[in-house]
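The values are calculated or read from the model by the stated rules, or taken from the named source; none is laboratory data. Quantities reported herein were computed from a predicted structural model and do not represent experimental measurements. Backbone-built Cβ (ideal geometry, glycine too); neighbour counts: all protein chains shown.
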Amino acid sequence: MNNKIELLPAEAANLNIIENLFPYYVYEMSDFLQRAPSEEGLFTFDRESLNKYQEREDHYPFLIKCNDEIAGFALVRKYPADPSLYDMEQFFVLKKFKGLGVGRLAFEALVDCFPGQWQIRVLQENERALAFWGAVVDGVTGGRFVRQVADDDGLGMWFFWFGGEGARNANNSHAAYSRQWTK
């Protein structure tokens with residue numbers, strides 16, 4: 001089967017798509033953050049928290065598409081505590097697209113677009129995400145990364161750090177990125 005993945009910068013006109021997907025992300029994280037739905041049965045979030053992705057030049061929102069269908073989103077930023085690091089603030093792939101390589105290829109595209117030092121934070125309890133990020137980061141870096149547990153805003157997190165000389169060749173463009181692959 002031939003698949004096409006696209007990583008598209010989300011702009012003001014389509015940032016609402018990420019807003020619409022975000023409750024599904026919150027639902028997936030509810031196991032680890034002990035979040036329950038609202039009285040109306042919705043998994044809510046602070047919509048204002050996405051405004052910085054329109055307002056700040058060091059925040060980069062992306063939509064992920066697979067075969068022209070919305071497959072997820074990625075929110076990349078310069079880490080506030082250390083602006084020399086690119087930080088994967090949020091990364092989400094819809095269940096329909098899990099196991100197809102969509103997340104891996106989207107992340108490879110992000111690393112190509114943003115050369116430099118990276119970090120990824122994963123809740124310690126989220127074993128599925130830890131396995132995903134461990135495999136993806138290992139593949140992107142050829143095993144040249146550091147992984148350790150640290151506190152992040154009161155949450156125990158696995159941190160992955162990599163980049164610099166061992167990073168992939170990059171085109172340093174934040175423009176739309178498209179790749180075909182067969183699975």
Does Arg147 satisfy the condition of being assigned to a helix (DSSP H, G or I), among the basic types (Lys, Arg) and surrounded by 12 or more Cβ atoms within 10 Å (Cβ to Cβ)?
no
Tally up the residues in segment 66-86 that are outside any loop (DSSP other than H, G, I, E, B) and either hydrophobic (A, V, I, L, M, F, W, C) or surrounded by 20 or more Cβ atoms within 10 Å (Cβ to Cβ) (or both), please.
10
Kindly indicate the residue of segment 151-168 that is farther than 20 Å from Cys113 by Cα and at pLDDT below 90 and also surrounded by the fewest Cβ atoms within 10 Å (Cβ to Cβ) among those meeting that condition.
Gly154
Of all residues in segment 56-75, how many are closer than 15 Å to Ile18 by Cα and in contact with a strand residue (DSSP E or B) (Cβ under 6 Å, 6 or more places away or on another chain)?
12
Complete set of residues in segment 10-42 that are hydrophobic (A, V, I, L, M, F, W, C) and either assigned to a loop (DSSP other than H, G, I, E, B) or at pLDDT below 85 (or both):
Ala10, Ala12, Ala13, Phe22, Val26, Met29, Phe32, Leu33, Ala36, Leu42
Does Phe45 satisfy the criteria of being at pLDDT below 75 and not in a helix (DSSP H, G or I)?
yes
Under 15 Å from Tyr25 (Cβ atoms), at pLDDT below 95 and among the acidic types (Asp, Glu) - does that describe any residue in segment 123-132?
no
Looking at this structure, is Leu75 touching a Pro at 6+ places or on another chain (Cβ under 7 Å) and closer than 20 Å to Ile5 by Cβ?
yes
